[in-house]
Every structure is written in structure tokens, then in C-alpha cells.
Amino acid sequence: MQLSSSSIGRKILMAVTGQVMILFALVHLIGNTTIFGWLHGGINAYAEHLHALPPLVWAFRLFMLAAVSIHIWFGIQLTIENSGGRPQQYAVKSTQKATFASENMIWSGLLILAFIVYHLLHFTMKLIPGMVLTTDPEGTVNVFTMVVSSFQNVFVCAIYAGGMVALFLHLTHGIQSSSQTLGCSNNRTLPVIIKAGTLVALAFLVGYLTIPLSIFAGFLKG
Amino acid sequence: MSDHKTMTLTLIVWRQKNASDPGKFETYTAKNITDHHSFLEMLDCVNEDLILEGKEPIVFDHDCREGICGMCSQVINGAPHGGQERTTVCQLHMRKFKDGDTIYIEPWRARAFPIVKDLVVDRTALDTIIQAGGYTSCHTGGVADGNAILIPKPVADEAMDAAECVGCGACVAGCPNGAAMLFTGAKVSQLSLLPQGKGEAAARVKAMTAAMTECGFGNCTNHYECQAACPKGINVKFIARMNRDFLKAQFA
């Protein structure tokens, strides 16, 4: 039986693509923190080096697009199938282990998708109004000015905060779930993986929100 | 028994004539119930009263009443088997309830378990999964031959932990997706852990998980409600083990 048609196979595809995205989110977070200036030349130098080889950039973008598409496709398919798994609900709802996050993966996932679309329109395509786009003599956009001017707007900050809360919820369940699906856990390791997954999710939430919040609070100025 | 104080309970029970009947809740009063009644004995008392009144008794599955056969199957106040850890309905005692309590009693609810009548569901789907590969087709020999292959104690213990599953279906009833992953995981693992079962391990995990989907069970999303519902305390590590076996089977 092919992976794409079996129950466990599709879960494995979701787990692997999910972990690819987690790795991306980690590297992306480290890259974004260059805005605080720990890298020589700051975020402008980081952005310039990142886009120095266009074929590589596009190959990577297509790879990520494939991972995201597989994850969303099977996520929606499995959710629709599972919604009919118990055709009639119990009169008394009582859950012992399921969490708000585990029961709402489809909604936190779709919120993250909406956030990614906004984020790409914002900083990649630069189509969201209200940010300062200055270019140096060679025609490169000043990323630092662009980011700082954007996050001085409270609504933009709120959208980013909402996106990161959705990511946090999705990962509190997603990290441990992907490890279980790939068969990497047992009765001793699962409780540890659940705690570690929540901590990683929290680290992403705090790490990512530090940037808009420190700009909004005025610690980083353009 | 006369010096025991008794309790009166309100039961809200799912009544359904057959698979095509939409079914509805009916309210009954259970009188003269003591701490020592098991949940099924309490229902026996209610049924005696119903029969005396000329009404149709509540139909429910039961057999050994010792907590080992896996026949009893009721969702009590939203929890399969009543939510007491590692307890089947027959071993759930009325001392867990208080005088005046209202108790909701419902059948297992899952797409793969059609309702036969009242609280009885058709669990043939679990047998279909077993028929797909829950066996070994090698000769295991006579009694003496069973001891000829040495199996390390921890391995034998783990296989026994999986084999504790009595196939009641509480894992499916507890799962919001109506998935049978804990049942199938336990059955796959109890065989694949032992030498006699290893030969067919790859074909078995593929066939049994395919049968699981064909029977209409949902997909696992790792809520772990199944483990909480299981009267035998089967651990979700057996789901992870099955996932591992499934991955290995792709390269076999």
C-alpha cells in the first residue's frame, strides 16, 4: 500500500513535512534575530547573503512549498475523514487526555496558513501599505527600516501576535504528535517529549514576538 | 444486606430498537441500589422492574462479569466503562456514585460500530482486523516446543502487556475520530515482538492497518483518549511501535 493512501502513511507524511517546517521556523527565527545586530551588518547583511544565489533561493522556496502543500492537503483530508469517525456525539462530553490544541489542529493550522500568506505579502512581496521602503544606491531594500517601520503599527503587531499564538498552539500538540507518529516514543519518553515540545513551542512564541514587541516598545528605532 | 443504606439514582439511557431506528434517551429510576452492586447488577435491578411493569428491558452486552472478557460496552457520563482507571463496566461498583446522582448511559459511538439495539453495538469490525493478519501461520509445535525458543523476560513481558487487550472497543469509543489504532497497535505488537510472529510482521502490519481503514475506523491524531479509556491500561507506546513496524514494512 502506498504511503499516500494508507492511514499511517498519510500521518507519516504529515509528521515529516511538519518537522521540516519546524526546522525552517528555527532557522528563520535565528536569522530574524540578526535585527538585534549580533551579526556584522545586521539584518540587512543577513538578507543580502540569503538572497545572493537566486537559483538556490528558488529551489528552497519550491521545496518549502511542496512540504507546506503536502501538510495542508493531508491535514484537510484527514480532518474531513475523522469528522465522520463518530457520526453521533455523546450527550455528555468528557475528555481525559485530549487538549484544546489537539482538538483544534485544523483551525490553528488554517490560521497559520492565513498568517503565512499575510507575511509573504508583507515582507517578501512588500505589498502591505504603511512601511518605509528605502533603497541604497545599488537598489537593495533596507530591510531594517522596512521591519522597524512596519512594527510601529499596533495592528500589524496584533496580526503577528495572533499568528504566533496559533503557531504555539499547533506546535504544543504537533511536536509530540509527529514524534509518536514516526514511532520515536515509548511510555518512558512520551511524557518527556510532550513537555519538551511545549517548551520548544513556547520558545518560538517568545522568540518571534520579541522582535515586534521590542520595536513597538521603542527599544529598536529606525 | 438489609442494614446497608440504599440509594436511588436517575438513569438517562439510550434506547434504540434497531440499526435503522433514530433512537432516543429515556429516563428511569434505579431504586434500592447498594454500594455492593456492580453497574451491571444495578441495570439488572432496573430491568427486573421494567419487566414487572410489562416494559421492554434495557438491552446491554455482558458475559463474564469478571472484567476479563471484553463484552461490556457502555459509555457512562461520557466516559467508556465509566472512566474509572483500568475498570470494565462489570467491575465498576455503585460505591463510585452517590444517592440522587443522574447517570447518562450511552452505547459505544463510532462509524465502524453500528448500533444493534439499545446499548449493544456490532463490533465485527474488530474481528475483521484480526482476520486480516492477527495470527501466525507457522507451526508452533506442541507444549514442549513453546519453551524451545528462549525469549528474554522483558520482551515476553512487553508482548504480554500488549496481549492484555480484551478487544472491548473502548479505545474506539473514547477516540474523537473513532480510530482503532490502540486495538490494532496492541494486536500487531503482541505478535511482532515474539519470534513466531516476526516472519510475517511486515505483511501483517500492512494488512491489518488497511483493514482498519476499510472497516470505517478514523485516523489517529494522538489525543491519547484511547489509553485513558482502556480497561486494561494498554499504553499508546504500542501505537508508536506499530507506526515503526509500518515504516519498516515499507522497506521490507
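What share of all Cα pairs of chain B, in percent, falls into each consecutive 5 Å distance bin?
Binned Cα distances yield the sequence 1, 6, 12, 16, 16, 14, 11, 8, 6, 4, 3, 1, 0, 0.
By how many degrees, between 0 and 90 and to the nearest 10, does the Cα long axis of helix A:7-32 differ from the longest principal axis of chain A?
Between helix and principal axis, roughly 20 degrees.
Going by alpha carbons, how many degrees (0 to 90, nearest 10) lie between the helix axis of B:153-163 and the longest principal axis of chain B?
That helix lies at roughly 50 degrees to the long axis.
Among residues other than B:Val172 whose Cβ falls under 11 Å from its Cβ, what is the net charge (Lys/Arg +1, Asp/Glu -1)? Provide the component values of the computation, followed by the final result.
Numbers: positive: A:Arg86, B:Arg109, B:Arg111, B:Arg123; negative: B:Glu225.
Overall, the nearby charge balance is +3.
Let me check against my output: what whole-number percent is the relative contact order of segment B:7-117, with C-alpha pairs under 8 Å and at least 6 apart? Write out the running numbers ahead of the final one.
Numbers: 193 pairs, mean separation 38.8, N = 111.
Here the relative contact order equals 35 percent.
Just counting partner chain Cβ atoms within 10 Å, what average do the residues of peptide B:203-213 show around their Cβ?
Whole-number average of other-chain Cβ neighbours for B:203-213 is 2.
Within 10 Å of each Cβ in peptide B:231-239, how many partner chain Cβ atoms are there on average? Round it to a whole number, please. Walk me through the numbers before you get to the answer.
Values: counts 0, 0, 0, 0, 3, 6, 8, 2, 5.
Per residue, the average neighbour count from other chains is 3.
Quick one: check the C-alpha center-to-center distance for segment A:149-222 versus segment A:56-70, whole angstrom.
22 Å
For n ≥ 4 DSSP H runs only, could you compute -39500 (n - 2.57) per run for chain B, divide by its residues and tell me the 222 nm figure to the nearest 500? Don't skip to the end; give the middle numbers.
Values: 10 runs with 90 residues, N = 252.
Result for chain B, helices only: -10000 deg cm²/dmol.
Which of the peptides A:163-175, A:202-214 is most tightly packed, and how do the rest follow, going by the mean number of other Cβ atoms within 10 Å of each residue?
Values: A:163-175: 22.0, A:202-214: 17.1.
Ranked by mean Cβ neighbours within 10 Å, highest first: A:163-175, A:202-214.
Might you work out the accessible area of B:Cys220 for me, using a 1.4 Å probe with all protein chains in place, and round it to the nearest 10 Å²?
For B:Cys220, the solvent-accessible surface is approximately 20 Å².
Calculate, for A:Phe100 and A:Thr124, the FRET efficiency according to 1/(1 + (r/R0)^6) with r their C-beta to C-beta distance and R0 30 Å; round to the nearest 0.05. Write out the running numbers ahead of the final one.
Details: r = 31 Å, r/R0 = 1.05.
For R0 = 30 Å, the calculated efficiency reads 0.45.
Could you tell me what a quarter of the Cα convex hull surface of segment A:54-162 works out to, in nm² with one decimal place?
Working: hull surface 41.8 nm².
Reported value for the Cα convex hull: 10.5 nm².
Within chain A, what's the longest stretch lacking trypsin sites (Lys or Arg not before Pro) that sit in DSSP loops with no more than 14 other Cβ atoms inside 10 Å? Each step should come with its number before you reach the end.
Working: sites that count: A:Lys93, A:Lys126, A:Arg188, A:Lys221.
Within chain A, the longest run free of exposed trypsin sites (Lys or Arg not before Pro) spans A:1-92.
Let me confirm the definition first: pairs of Lys residues in chain A, 8 or more apart or on different chains, C-alpha distance under 23 Å. How many are there?
Details: A:Lys11/A:Lys97; A:Lys11/A:Lys195; A:Lys97/A:Lys195; A:Lys126/A:Lys221.
Lysine pair count for chain A: 4.
Any idea what the relative contact order of segment B:123-249 is, in percent, if you count C-alpha pairs under 8 Å spaced at least 6 apart? Don't jump to the answer; show the numbers that get you there.
Details: 171 pairs, mean separation 44.0, N = 127.
Once normalised by length, the contact order is 35 percent.
How are the C-alpha pair distances of segment B:7-117 spread across 10 Å bins, as whole percents from the shortest bin up?
Bins of 10 Å from zero give 14, 48, 33, 5 percent of pairs.
Specify the angular offset, from 0 to 90 degrees and rounded to the nearest 10, of the alpha carbon long axis of helix B:181-192 from the longest principal axis of the alpha carbons in chain B.
Computed tilt is about 40 degrees.
Could you tell me the calculated FRET efficiency between A:Trp107 and A:Ala158, based on Cβ-Cβ distance and R0 = 22 angstrom, to the nearest 0.05? Could you put the intermediate results ahead of the total?
Working: r = 18 Å, r/R0 = 0.83.
So, using R0 = 22 Å, E works out to roughly 0.75.
Once the Cα gyration tensor of chain A is found, what semi-axes does its equivalent ellipsoid get, as square roots of 5 times the eigenvalues, in whole Å, sorted largest first? Numbers along the way, then the final one.
Working: eigenvalues 256, 78, 58 Å².
Each semi-axis is the square root of five times an eigenvalue, giving 36, 20, 17 Å.
For n ≥ 4 DSSP H runs only, could you compute -39500 (n - 2.57) per run for chain A, divide by its residues and tell me the 222 nm figure to the nearest 500? Display every interim value, and only then the final one.
Values: 8 runs with 148 residues, N = 222.
Calculated from helices alone, the mean residue ellipticity at 222 nm is -22500 deg cm²/dmol.
Please report, in whole Å, how far the alpha carbons of the protein assembly as shown spread along each principal axis, starting with the longest.
So the extents along the principal axes, rounded to whole Å, are 96, 58, 40.
Can you give me the P(r) profile for segment B:123-249? Cα pairs, bins 5 angstrom wide beginning at 0, each as a whole percent.
2, 12, 21, 24, 20, 11, 6, 3, 1, 0
How much length is gained on full extension from B:Glu53 to B:Lys98, taking 0.36 nm per residue of separation minus their Cα-Cα distance? Walk me through the numbers on the way to the answer.
Numbers: separation 45, 0.36 × 45 = 16.20 nm, distance 2.60 nm.
Between B:Glu53 and B:Lys98, full extension yields 13.6 nm more.
The values are calculated or read from the model by the stated rules, or taken from the named source; none is laboratory data. As the structure is a computational prediction, the values presented were derived from the model and not from experiment. Here the Cβ is made from the backbone with ideal geometry for all residues, glycine too, and neighbour counts use every protein chain on show. To get the accessible areas, we keep the full protein, side chains included, count just its heavy atoms, and leave off ligands, DNA and RNA. Shrake-Rupley method; radii C 1.70, N 1.55, O 1.52, S 1.80 Å.
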